[in-house]
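Have a look at the structure below before the remarks.
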Amino acid sequence: MKDETPRHDDADARLLYNATGINRRDLIKGGISLSALIALSELTLLSDALAAEFSEGVPVSFVINSEAYGLTLDPRTSLLDVLRESLSLTGAKKGCDHGQCGACTVHLDGRRVVSCLTLAVQIDGREVLTIEGLSPADGDLHPMQQAFIDHDALQCGYCTPGQIMAAVACVREGHATSPDQIREYMSGNLCRCGAYVGIVAAIQDAASKMEDL
Ligand code: FES
Ligand code: FES
């Protein structure tokens, strides 16, 4: 029988195999990447260790969409669950809950993160921006939101808040200078409806209008 033990030169795969008995073939069959699974296992280990240490909950203070909050949280709670379940900010969507689809993308201190793989305790003292806080206070849509409408960059809309938050970050990172670059730097955001042509067009359009933002 073929030996499916990972090769010695693949440190991540060996680590995972030793800890879980899962090999690369299992990962491919299950449709999950090695790096995402490792991030998930590290998150699980970290959150379990925190839960044992802080069974009474952990006080966490943070700012979301310019509003200050202070909550006592189970240290295993994800940022996505705090947003959706505790604060009723349901813009960020739970697609896979495994860091694979990008539907839960928000900004943490100005950088995009998948909130399903971000522990809420990690945001203590930090600032989060969600789709609910993206548009300016005067009621206008953000240029990226308007561009998604103008270019029909959505069908069911489930992935759209995550796409838009990732798209804004993509432009600010300077990674929206060509369709190929946009496709590469937006590859973590999946759209089951296949609205990718419109999404790329919307990002190209909005990028020129975001220069002053
Ligand atoms: S729900 Fe977070 S990446 Fe899919
Ligand atoms: S618009 Fe339906 S999943 Fe993207």
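The values are calculated or read from the model by the stated rules, or taken from the named source; none is laboratory data. Computed from a predicted structure; not experimentally measured. Cβ placement follows ideal geometry from the backbone for every residue including glycine, while neighbour counts extend to all protein chains displayed.
Within segment 74-110, track down each residue that is in contact (Cβ under 8 Å) with a residue 24 or more places away in the chain, at positive phi and either away from ligand 2 (no atom under 16 Å from the Cβ) or not assigned by TED's automatic domain parsing to the domain that holds GLY125 (or both).
GLY99, GLY110
Looking at ARG172, is it among the basic types (Lys, Arg) and closer than 30 Å to PRO75 by Cβ?
So ARG172 fails the test.
Yes or no: PRO136 at pLDDT below 95 and either more than 16 Å from ligand 1 (Cβ to nearest atom) or surrounded by fewer than 20 Cβ atoms within 10 Å (Cβ to Cβ) (or both)?
When the stated conditions are applied, PRO136 passes them.
Scan segment 133-143 and give yes if some residue there is among the hydroxyl-bearing types (Ser, Thr, Tyr) and closer than 22 Å to LEU190 by Cβ, otherwise no.
No, segment 133-143 contains no residue that is among the hydroxyl-bearing types (Ser, Thr, Tyr) and closer than 22 Å to LEU190 by Cβ.
Return the residues of segment 180-196 that are farther than 21 Å from VAL113 by Cβ and more than 7 Å from ligand 2 (Cβ to nearest atom); say none if nothing qualifies.
Answer for segment 180-196, where residues must be farther than 21 Å from VAL113 by Cβ and more than 7 Å from ligand 2 (Cβ to nearest atom): ASP180, GLY194, TYR196.
Considering only residues of segment 154-168 that are small (Gly, Ala, Ser) and in contact with a helix residue (DSSP H, G or I) (Cβ under 9 Å, 6 or more places away or on another chain), which is surrounded by the most Cβ atoms within 10 Å (Cβ to Cβ)?
Among residues in segment 154-168 that are small (Gly, Ala, Ser) and in contact with a helix residue (DSSP H, G or I) (Cβ under 9 Å, 6 or more places away or on another chain), the one surrounded by the most Cβ atoms within 10 Å (Cβ to Cβ) is ALA167.
Considering only segment 131-161, how many residues are within 13 Å of ligand 2 (Cβ to nearest atom) and either out of contact with any Ser or Thr (no Cβ under 7 Å at 6 or more places or on another chain) or under 15 Å from ILE182 (Cβ atoms) (or both)?
Going through segment 131-161 one residue at a time, the tally reaches 12.
Could you list, in sequence order, all residues of segment 139-169 that are more than 16 Å from ligand 1 (Cβ to nearest atom) and on the phi > 0 side of the Ramachandran plot?
The answer is GLY139, ASP152.
Only helices (runs of 4 or more DSSP H) wholly contained in segment 114-198 count here; list those with 2 or more residues that are closer than 20 Å to GLU85 by Cβ.
Qualifying helices (runs of 4 or more DSSP H): 160-172.
Looking at segment 65-73, is at least one residue assigned to a loop (DSSP other than H, G, I, E, B) and on the phi > 0 side of the Ramachandran plot?
yes
For a quick check of your reading of the model, give me the residue pairs whose first member lies in segment 170-185 and is exposed (fewer than 13 other Cβ atoms within 10 Å of the Cβ), whose second is in a loop (DSSP other than H, G, I, E, B) and modelled with pLDDT of 95 or more, with beta-carbon atoms closer than 8 Å and at least 6 apart or on different chains.
Listed by first residue and then by second, the contacts come to GLU184/HIS175.
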